[in-house]
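Read through the structure below, which is laid out as structure tokens, and then see the notes.
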Amino acid sequence: MRRRSEPDFGAVVAHPFTDALFEGAVPRERMRGYLVQDYQFVDLFLALLGAGMARADRHASRLRIAGGVAVLTGVEDDYFRRAFDALEVPERERNAPERDGATVAFRELLGDTAERGGYADVLTVLTVAEWSYLEWASRAPDRLPGDFVQAEWITLHNGPDFAEWVRWLRGELDRVAGELDERERARCLRLFQLATRYERDFFDAHWG
């Protein structure tokens, strides 16, 4: 599915926004806008993880997804709080900003998949979101920006725990997809391609 989602997947992995992030060169207002918009996915992403737990076909999978919930509501939520404080983002803008078009489109995909998608659909969207971020963050140089807002956004997505989470998602999707019929596999491919396109659109919206 990744191969059939090019060139969009590659454009996410090697995007000018992340190249600038590695250098600590994303202007403050752009980083502020990017994080405010990205935060609008958190609640729906949590719902998507919940849907995965509910629809998983085995106990071990539910436990693994629960670990993802813990990260999202723990270290990642703490990062957003500290970053918003540093960037002087008021409470109203954190929770109810005007959403740009790329954010609206991706939120609709997350919400629809959480509400109506099967386990394979949920895994597909989760895998795109997490794998694409691991791939771009893994390109980071050893020397990180001095600004914690930019540096920690990188390290949140390239550490060993996150890499293991992505490895599990990919393996789980492969396992579940092996039991799908041709029509269901085609649906997952469309979801993978659409989610990848929305990831690219989101980066493009904040760099150009």
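Tabulated data for the structure shown
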{"item": "Checklist (1) farther than 25 Å from Arg139 by Cα; (2) part of a helix (DSSP H, G or I) applied to Arg82, failing item", "result": "(1)"}
{"item": "Residues located in the range 169-202, provided they are within 17 Å of the chain's Cα centre (by Cα), open to solvent by 40 Å² or more (accessible area, probe 1.4 Å) and farther than 21 Å from Glu108 by Cβ", "result": "Arg170"}
{"item": "Set Leu72, Leu46: member being open to solvent by 30 Å² or more (accessible area, probe 1.4 Å), under 19 Å from Val128 (Cβ atoms), of a type outside the set (Val, Ile, Thr) and in a helix (DSSP H, G or I)", "result": "Leu46"}
{"item": "Some residue of the range 149-161 being open to solvent by 10 Å² or more (accessible area, probe 1.4 Å), of a type in the set (Gly, Ala, Ser), closer than 21 Å to Asp121 by Cα and not in a helix (DSSP H, G or I)", "result": "no"}
{"item": "Scope the range 108-146; condition aliphatic (A, V, I, L, M), assigned to a helix (DSSP H, G or I) and out of contact with any His (no Cβ under 9 Å at 6 or more places or on another chain); matching residues", "result": "Leu109, Leu110, Ala114, Ala120, Val122, Leu123, Val125, Leu126, Val128, Ala129"}
{"item": "Residue in the range 81-97 that is at pLDDT 95 or above and within 30 Å of Asp174 (Cβ to Cβ) present", "result": "no"}
{"item": "Qualifying residue in the range 58-67 (condition: in contact with a Leu (Cβ under 6 Å, 6 or more places away or on another chain) and open to solvent by 30 Å² or more (accessible area, probe 1.4 Å))", "result": "no"}
{"item": "Residue match in the range 7-28 (condition: in contact with a Gly (Cβ under 6 Å, 6 or more places away or on another chain) and without any contact (Cβ under 8 Å) to a residue 40 or more places away in the chain)", "result": "no"}
{"item": "Index of the failed condition, Asp77 passing every other in (1) open to solvent by less than 40 Å² (accessible area, probe 1.4 Å); (2) part of a helix (DSSP H, G or I)", "result": "(1)"}
{"item": "Conditions (1) free of Cβ contacts under 8 Å to residues at least 60 places away in the same chain; (2) under 25 Å from Arg185 (Cβ atoms); (3) within 14 Å of the chain's Cα centre (by Cα): number failed by Leu109", "result": "(1)"}
{"item": "Single residue of Tyr133, Tyr119 found to be among the aromatic types (Phe, Trp, Tyr), more than 12 Å from the chain's Cα centre (by Cα), under 23 Å from Gly67 (Cβ atoms) and buried (at least 16 other Cβ atoms within 10 Å of the Cβ)", "result": "Tyr119"}
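The values are calculated or read from the model by the stated rules, or taken from the named source; none is laboratory data. Predicted model only: the values in this text are computed from it and were never measured. Neighbour counts run over all protein chains shown; Cβ positions are idealised from the backbone, glycine included. Heads up: the accessible areas ignore ligands, DNA and RNA and are worked out on the full protein's heavy atoms, side chains in. Shrake-Rupley method; radii C 1.70, N 1.55, O 1.52, S 1.80 Å.
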